[in-house]
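Below is one structure, written out as structure tokens; comments come after it.
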Amino acid sequence: MAETPAAITETLLMGPGPSCIHPDVYKAIAQYTVGHLDPRFIAIMDRTKERLQKVIGTTNKLTIPISGTGSSGMETCLVNLLEKDEKILILINGVFGMRMKDLATRLGAQVDTLEFAWGTPVKPDQVKQKLSENHYDMVAIVHAETSTGVCNPVEEVGKLVADSGALYFVDTVTSLGGMRVTMDEWKIDALFSGTQKCLSCPPGLAPLSFSPKALEKMQNRSTPIPSWYFDLTLITKYWEGAKRVYHHTAPVNMIYALDAALGVILDEGLEKVYARHAKTHEFLVQGLSSLGLPMLVEEPYRLPMLNAVKVPEGVDEAEVRSRLLKEFDIEIGAGLGPLAGKIWRIGLMGHTACEASVERLTKALQKILNK
Ligand code: PLP
């Protein structure tokens with residue numbers, strides 16, 4: 001029989017997300033629910049938008065959280081900005097680039113891809129070549145590929161896409177709040193994220209932002225937006241202006257939580273937050289190396305918040321994860337797709353990213369692996 005949630009003990013979440021939640025965020029989510037048109041709630045919505053703009057590095061007016069997990073942000077961007085028969089180039093080096101391909105295909109777009117080996121980054125020279133030979137309406141990339149631990153060169157590719165005139169669409173689910181993301185400077189037109197990674201909030205919202213160029217595209221579509229729930233022309237009537245028009249009942253307490261989580265990050269300061277993630281990552285790599293556990297990704301392309309570690313020959317990787325959870329209350333992630341059984345994915349996201357987490361994990365691994 002399932003336990004009541006109250007019986008669930010605290011777990012150190014060091015997987016690919018969700019991450020550990022800051023106490024201020026737990027406190028916020030437990031406050032009284034009010035109506036979604038209550039002026040006190042509308043004021044919190046407005047503050048959440050402003051805080052999101054700061055963390056995303058944008059002045060875009062359309063910057064809001066979508067009701068749904070990270071994938072709802074991906075879907076919202078594509079249903080609003082990509083029409084049937086339009087051409088999209090998707091840069092793929094892991095699971096989440098593949099998910100973009102699946103979605104764009106379902107929308108009836110003409111999908112072209114450039115694929116790179118899992119564990120290696122997107123190569124800008126190949127993107128440049130592709131853009132010089134073809135016309136695209138949109139180019140899509142995942143900043144932090146959570147399935148492999150690779151950081152893709154979003155800024156460099158952004159310059160190429162801007163020159164080509166295509167819309168630039170970026171997944172920042174794992175990167176936002178853990179490493180630099182500057183939407184306006186990097187010439188990104190549509191960006192989405194998720195709350196459960198470096199924002200250290202429970203899963204359930206997808207922060208999203210559209211540039212003026214993306215807005216213009218959305219407003220001048222030749223076909224209707226093929227989704228009612230994710231139609232941003234309707235959703236923005238609730239999130240903007242003096243008169244808020246009901247679209248769907250906002251997940252009020254999740255928005256309290258996101259507002260608080262963004263407040264925690266901004267109080268610490270973005271630069272300090274990024275430095276903490278980078279430092280904790282270095283500390284983890286040292287700890288793993290002292291246990292003889294090598295990293296999958298070459299150093300310059302490693303993400304600070306998602307560490308792909310090679311499983312040693314002869315070790316039952318599922319057994320190690322299961323013992324970490326049962327005996328030490330620590331969760332780490334398994335490999336996906338071609339990397340299943342070959343790597344562990346160790347997350348250092350948001351509130352999890354501190355030396356104490358690394359020490360607890362490396363001590364537990366040492367015991368389990370008899371090092
Ligand atoms: N994109 C990336 C890079 C992710 O890591 C994830 C989730 O892990 C998603 C998209 C999808 O987010 P969700 O599982 O919250 O729907």
Does Thr249 satisfy being in contact with a helix residue (DSSP H, G or I) (Cβ under 8 Å, 6 or more places away or on another chain) and not small (Gly, Ala, Ser)? no
What are the residues in region 284-314 that are touching a helix residue (DSSP H, G or I) at 6+ places or on another chain (Cβ under 9 Å) and in a loop (DSSP other than H, G, I, E, B), if any? Leu291, Leu293, Pro294, Leu296, Leu303, Pro304, Met305, Val311
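Taking the condition assigned to a helix (DSSP H, G or I), more than 16 Å from Gly73 (Cα to Cα) and not hydrophobic (A, V, I, L, M, F, W, C), does Lys187 pass? It would help to see each step written out before you state the result.
On the way: assigned to a helix (DSSP H, G or I): no; more than 16 Å from Gly73 (Cα to Cα): yes; not hydrophobic (A, V, I, L, M, F, W, C): yes.
No: the conditions fail for Lys187.
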Is at least one residue of region 267-281 open to solvent by less than 60 Å² (accessible area, probe 1.4 Å) and part of a loop (DSSP other than H, G, I, E, B)? yes
Among the residues of region 319-330 satisfying the criterion of being touching a helix residue (DSSP H, G or I) at 6+ places or on another chain (Cβ under 8 Å) and open to solvent by 60 Å² or more (accessible area, probe 1.4 Å), which is nearest to Glu145 (Cα to Cα)? Arg323
Checking Gly68 against (1) more than 13 Å from the ligand (Cβ to nearest atom); (2) buried (at least 19 other Cβ atoms within 10 Å of the Cβ), which single condition isn't satisfied? (1)
Select from region 78-100 the residues that are among the hydrophobic types (A, V, I, L, M, F, W, C), closer than 23 Å to Leu160 by Cα and away from the ligand (no atom under 11 Å from the Cβ) and list them in ascending order. Leu78, Leu81, Leu82, Ile88, Leu89, Ile90, Leu91, Ile92
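What are the residues in region 280-295 that are closer than 12 Å to Glu355 by Cβ and free of Cβ contacts under 8 Å to residues at least 40 places away in the same chain, if any? Let's see the steps before the verdict.
Within region 280-295, the subset closer than 12 Å to Glu355 by Cβ is 280-284, 286-287.
If the condition is that a residue be closer than 12 Å to Glu355 by Cβ and free of Cβ contacts under 8 Å to residues at least 40 places away in the same chain, then Glu282, Gln286 are the ones that fit.
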When every residue in region 168-185 that is more than 14 Å from the ligand (Cβ to nearest atom) and touching a strand residue (DSSP E or B) at 6+ places or on another chain (Cβ under 8 Å) is compared, the one farthest from Val25 (Cα to Cα) is Tyr168
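Okay, residues lined up against (1) within 13 Å of the ligand (Cβ to nearest atom); (2) of a type in the set (A, V, I, L, M); (3) buried (at least 23 other Cβ atoms within 10 Å of the Cβ); (4) outside any loop (DSSP other than H, G, I, E, B):
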residue	(1), (2), (3), (4)
Thr9	no, no, no, no
Pro16	yes, no, yes, no
Gln31	no, no, no, no
Leu37	no, yes, no, no
Phe41	no, no, no, yes
Arg51	no, no, no, yes
Gly73	yes, no, yes, yes
Output yes when any residue across region 223-238 is of a type outside the set (Gly, Ala, Ser), closer than 23 Å to Leu107 by Cβ and without any contact (Cβ under 8 Å) to a residue 12 or more places away in the chain, and no when none is. yes
Does any residue of region 217-230 turn out to be open to solvent by less than 20 Å² (accessible area, probe 1.4 Å) and β-branched (Val, Ile, Thr)? no
Looking at region 190-213, which of the residues that are assigned to a loop (DSSP other than H, G, I, E, B) and closer than 13 Å to Thr63 by Cβ is farthest from the ligand (Cβ to nearest atom)? Ser211
Checked region 331-371 for anything under 17 Å from the mean Cα position of the chain (by Cα) and either assigned to a helix (DSSP H, G or I) or surrounded by fewer than 16 Cβ atoms within 10 Å (Cβ to Cβ) (or both); matches are Gly350, His351, Thr352
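State yes or no: is Ile141 farther than 18 Å from Asn60 by Cβ and β-branched (Val, Ile, Thr)? Even if it seems obvious, please write down each step before you answer.
Details: farther than 18 Å from Asn60 by Cβ: yes; β-branched (Val, Ile, Thr): yes.
Yes, satisfied.
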In region 127-147, anything out of contact with any strand residue (DSSP E or B) (no Cβ under 6 Å at 6 or more places or on another chain), under 23 Å from Pro294 (Cα atoms) and polar (S, T, N, Q) is listed as Ser147
Subset of region 136-153 [away from the ligand (no atom under 12 Å from the Cβ) and either basic (Lys, Arg) or out of contact with any Ser or Thr (no Cβ under 8 Å at 6 or more places or on another chain) (or both)]: Asp137, Met138, Pro153
Asp46 meets each of (1) charged (D, E, K, R); (2) buried (at least 20 other Cβ atoms within 10 Å of the Cβ); (3) away from the ligand (no atom under 16 Å from the Cβ) with one exception, condition (2)
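The values are calculated or read from the model by the stated rules, or taken from the named source; none is laboratory data. Computed from a predicted model, the values in this text were never measured in an experiment. For neighbour counting, all protein chains shown are included, and Cβ atoms are generated from backbone atoms with ideal geometry for every residue, glycine included. Heads up: the accessible areas ignore ligands, DNA and RNA and are worked out on the full protein's heavy atoms, side chains in. Shrake-Rupley method; radii C 1.70, N 1.55, O 1.52, S 1.80 Å.
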